[in-house]
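Please treat every number below as a calculation from the coordinates, not as lab data. The model shown is predicted, which means the values in this text are computed figures rather than measured ones. Neighbour counts run over all protein chains shown; Cβ positions are idealised from the backbone, glycine included.
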Amino acid sequence: MRPARALIDLQALRHNYQLARELSGAKALAVIKADAYGHGAVRCAQALQAEADGFAVACIEEALALREAGIRAPILLLEGFFEASELALIVQHDLWCVVHSLWQLDAIEKASLSKQITVWLKLDSGMHRVGLHPKDYPSAYQRLQATGKVARIVLMSHFARADELDSNASNDQVAVFQAARQGLSAEISLRNSPAVLGWPQIPSDWVRPGIMLYGSTPFEVPQAEAQRLQPVMTLESKVISVRELPAGEPVGYGARFISQRPTRVGVVAMGYADGYPRLAPTGTPVMVAGKRSQLIGRVSMDMLCIDLTDVPEAGLGSPVELWGKNVLASDVAIQAGTIPYQIFCNLRRVPLVYSGD
């Protein structure tokens, strides 16, 4: 059996959720959209359901999969509904719903609902992606209240640059939000992962930990609270072949690596079809036989090569950690010119193996 697999540490997941609660002093929706960022939404929700205040997903399909698996906690649809017809399912399955556009508000006003729903009313405070314009926000709140179809409203917005610790953009967005919500009585939700970790002064009755839940930092620079996170996923495989090459020999497609000395090359059963980033260059860190080494040459669909020259004890069958507790996913992402969010979400084909239930 092919040795590539992703180990998912559910105890680390719970630790990171508890850290989000500790740092924020608030209720926390565990963001498990996109199959829990590649970690398996159902198993992650099951691991957290005893303590989580609720979950957040992108769309109703993701929410229904959780309900079918027996998850009864609140589930927020972060993109709301895409068709008015989804409102019946939102009521049936007791889902919470973001309203970010006036057409959604119109649909709620026109809908015949068998019971009241919970709405998270989203303001565009500067992200300029989705969210109501500040001038429309107070009236949208009043219209929702007037429908008689809404049991509860939470006021929310989303930060565009909270991962930039030297930027004042998040404080500017808070100012826009506070001005728009003046006179509106409701709980608020502003802080995502970087805001939970790096912006303690920002108010939030509800926080929405996403990437931090999976133990990866959202920052490109060291940050004290992020150091307390525990990586949840360890992507691992084994050396399946060893080559002894003299100096001057190419390795892999396109001869992107030429040996500068006699080199032991280990071939690992892992490639971009598994989700390992194709653009990871020579020098990207790996762990082999418990020692740090590096990727060499271009990543292939099913295989990649690593340098075994300075790890003489490594050979055929040696374990390789591509990212995890020793090689941080954020370090691999930086080398590949991307972010840990993407490399987690791109994971596919490899089986997920869980521990810490």
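Local charge sum around PRO281 (other residues, Cβ-Cβ under 10 Å, Lys/Arg +1, Asp/Glu -1)?
Net charge around PRO281: +2.
Checking every one of the trypsin sites (Lys or Arg not before Pro) in region 1-80 against DSSP loop status and a limit of 16 other Cβ atoms within 10 Å picks out ARG72.
With 0.36 nm allotted per residue and the present C-alpha distance subtracted, the ASN346-ALA273 stretch has 25.4 nm of extension available. Here LEU64 and GLN227 are evaluated by their C-beta separation; at R0 = 45 Å the FRET efficiency comes out at 0.75.
Applying a DSSP loop filter and a limit of 15 other Cβ atoms within 10 Å to the GluC sites (Glu not before Pro) in region 239-347 leaves GLU313. From largest to smallest, the equivalent ellipsoid semi-axes obtained for region 233-355 from the alpha-carbon gyration tensor read 22, 16, 12 Å. When you filter the GluC sites (Glu not before Pro) in region 58-139 for DSSP loop state and at most 12 other Cβ atoms inside 10 Å of their Cβ, you are left with GLU83. On the basis of the beta-carbon distance and an R0 of 30 Å, HIS93 and GLU51 show a calculated FRET efficiency of 0.90. Each Cα pair under 8 Å and six or more residues apart adds its sequence gap; the mean of these over the residue count of the chain is a relative contact order of 19 percent. Rounded to the nearest 20 debye, the dipole magnitude of region 43-175 is 480 debye, with +1 charges on Lys and Arg beta carbons, -1 on Asp and Glu beta carbons, and the Cα centre as origin. Distance between the 7 Å Cα→Cβ label points at LEU102 and MET301: 5.0 nm. Given their separation in residues at 0.36 nm each and the Cα-Cα distance between them, SER85 and ARG243 gain 50.9 nm when the chain is fully extended.
For region 10-216, evaluate the Debye formula with one uniform point scatterer on each Cα (no solvent term) and list log10 I(q)/I(0) at q = 0.11, 0.16, 0.18 Å⁻¹, rounded to two decimals. Scattering profile of region 10-216, log10 relative to I(0): -0.49, -1.05, -1.30. The distance separating the Cα centre of region 256-275 from that of region 278-307 comes to 6 Å. In region 222-357, taking the dipole from charged Cβ atoms about the Cα centre, the farthest positive-side position among PRO222, GLN260, CYS305 is held by GLN260.
Estimated from helical segments only, the mean residue ellipticity of the chain at 222 nm is -7500 deg cm²/dmol, where each DSSP H run of four or more residues counts as -39500 (n - 2.57). Remark on ASN346: its backbone amide H falls under 5 Å from none of the residues 5 or more positions apart or on other chains, H modelled at 1.01 Å from N. Fully extending the segment from HIS133 to GLN260, taken as 0.36 nm per residue of separation minus the present Cα-Cα distance, adds 39.9 nm.
Simple point charges give the picture: +1 on the Cβ of Lys and Arg, -1 on the Cβ of Asp and Glu, and for the chain a dipole about the Cα centre of about 240 debye. Any of LYS33/LYS238; LYS238/LYS291; LYS291/LYS325 with alpha carbons more than 24 Å apart? Name them for me. LYS33/LYS238, as the Cα separations exceed 24 Å there. The SER185 and ARG72 beta-carbon pair, evaluated with R₀ = 35 Å, returns a calculated FRET efficiency of approximately 0.80. Dimensions of the chain based on its C-alpha atoms, expressed as ranges along the principal axes with the largest first, amount to 78, 43, 36 Å.
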